[in-house]
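In what follows, a structure is listed as structure tokens, so that the remarks can point back to it.
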Amino acid sequence: MDVISVIRTKRDRGELSPEQIDWVIDAYTRGEVADEQMSALAMAILLNGMNRTEIARWTAAMIASGERMSFDTLTRPTADKHSTGGVGDKITLPLAPLVAACGAAVPQLSGRGLGHTGGTLDKLESIPGWRALLSNEEMLHVLDTTGAVICAAGDGLAPADKKLYALRDVTGTVEAIPLIASSIMSKKIAEGTGSLVLDVKVGTGAFMKNIEDARELASTMVALGTDSGVKTVALLTDMSTPLGLTAGNALEVRESIEVLAGGGPADVVELTLALAREMLAAAGIEGADPAKALADGSAMDVWRRMISAQGGDPDADLPIAREQHVVTAPASGVLTRLDAYDIGVAAWRLGAGRARKEDPVQAGAGVELHAKPGDPVTAGQPLLTLHTDTPEKFAYALQSLGSSYDIAPAGTEFTAPPIVRGRIA
Ligand code: URA
């Protein structure tokens, strides 16, 4: 088998054989296939797609590249959720302790920022002392003792995806349904969760820009999960505007803590509760009330225990960027659009994301929103605050915000799209 013939097969719109798929994933994991060769293949897959048989085999090969874990020793049922990635998508942070407070064991093997979307691990690393890297034993211990754990997938779990995920981030090959579906599902199936709720984002700030693609991605993943014995449900959720009022690592942690304290933006609370209810139902837990667990502090208690168990100080001050720049509203009226993609790119350019896979991220960098679509605004009022440690990046970030919002005359009727736009089971 040689890699050039595999690349040519997909470049020429052919179907990859099971042997080709098994070989190329294994050879890439071992370093025999180089990054530039895998980039070419990923680009050919992005342009020419894979059918369901190829995707299932690609996913199986990624699972087989590493170990399979088991949560059989836990007494509680496991419930996991995974988002396809969005802007301001901090939902895992309040959701994992919330669902644990309601009786499930919540293992969240999370990722870093990908493209213009933020990563849960990058966000949590803004908490002083918090460690994303745990051994399998440590992970199980945190999960068993606190009910929830959010950590990096260990080196042994789907190592092929680890390499490919970082490569796709810097080669413009993220937005491919077969690659996203296999990336997410290989990790989830290898992890061994009993049930899984997928949050498939749709809109400008998501990798899936329209509802048809989001449906296709969701049904591909639900089929992969179900065929592997994992109870899998997907919600299609809106990502036309950022979730909540922040995009950026420490900024999002702060907002998540507000939600755990019983406050926070309405859209973040609504989506957190919708996903929590799905996770509890998928795990077979009846009678728990997630809204009550947010209001009575029990979710916050799990958060504090979970952060401490991973070396973090839940009471420490979160980093604040050294410099701020305020963007004001040029006119009075009603904000009718605030584009998630543009805000995500601005946050990334300010330092919240990375351009090369080895780059560090700035904990304090990002964008704060002072209004959401549907809100009235007055000319001259702050619309956005940009945060960075590297103020030379303001101009570059502002370029992405030039046409990121619309303000309609006062009194214009405006109805925001619902947060949950569909469900696939
Ligand atoms: N999340 C993943 O784990 N993989 C992707 O490809 C996209 C989002």
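Full-extension gain between ARG52 and SER219, please, as 0.36 nm times their residue separation minus the C-alpha to C-alpha distance.
Length gained between ARG52 and SER219: 59.1 nm.
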Length gain on complete extension for the stretch ALA34 to ASP2, per 0.36 nm per residue less the alpha carbon to alpha carbon distance? 10.3 nm
What FRET efficiency comes out for SER70 versus GLU323 if R0 is 56 angstrom and r is the Cβ-Cβ distance? Round to the nearest 0.05. 0.70
Listed peptides 111-117, 362-368 by packing density, highest first (mean Cβ within 10 Å): 362-368, 111-117
Which peptide among 401-407, 346-352 comes first, and what is the full order, when sorted by highest mean count of other Cβ atoms within 10 Å? 346-352, 401-407
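Would you please put 87-94, 379-386, 410-417 in order of how densely packed they are, using the mean number of other Cβ atoms within 10 angstrom per residue and starting with the highest?
87-94, 379-386, 410-417
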With an 8 Å cut-off on Cα pairs and a minimum separation of 6 or more residues, tell me the relative contact order of the range 323-408 in percent. 48
Compute the Cα gyration tensor for the range 3-49, then decide on rounded, prolate or oblate, letting a ≥ b ≥ c be the square roots of its eigenvalues: rounded whenever a/c is under 1.5, prolate when a/b is larger than b/c in the other cases, and oblate in all that remain. oblate
With a 1.4 Å probe and every protein chain kept in, tell me what percent of the accessible surface of the chain is carbon plus sulfur. 52
Give, in nm to one decimal, the length gained when the segment between GLU138 and GLN399 is fully stretched (0.36 nm per residue of separation minus the Cα-Cα distance). 89.6 nm
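What whole-number value in Å² describes the accessible area per residue of the range 312-421 for a 1.4 Å probe?
49
The values are calculated or read from the model by the stated rules, or taken from the named source; none is laboratory data. This structure is a prediction, so every number in the text was calculated from the model and none was measured. Neighbour counts are summed over all protein chains in view; Cβ atoms, including those assigned to glycine, are modelled from backbone coordinates with ideal geometry. These area figures cover heavy atoms from the full protein model, side chains too; ligands, DNA and RNA do not enter into them. Shrake-Rupley method; radii C 1.70, N 1.55, O 1.52, S 1.80 Å.
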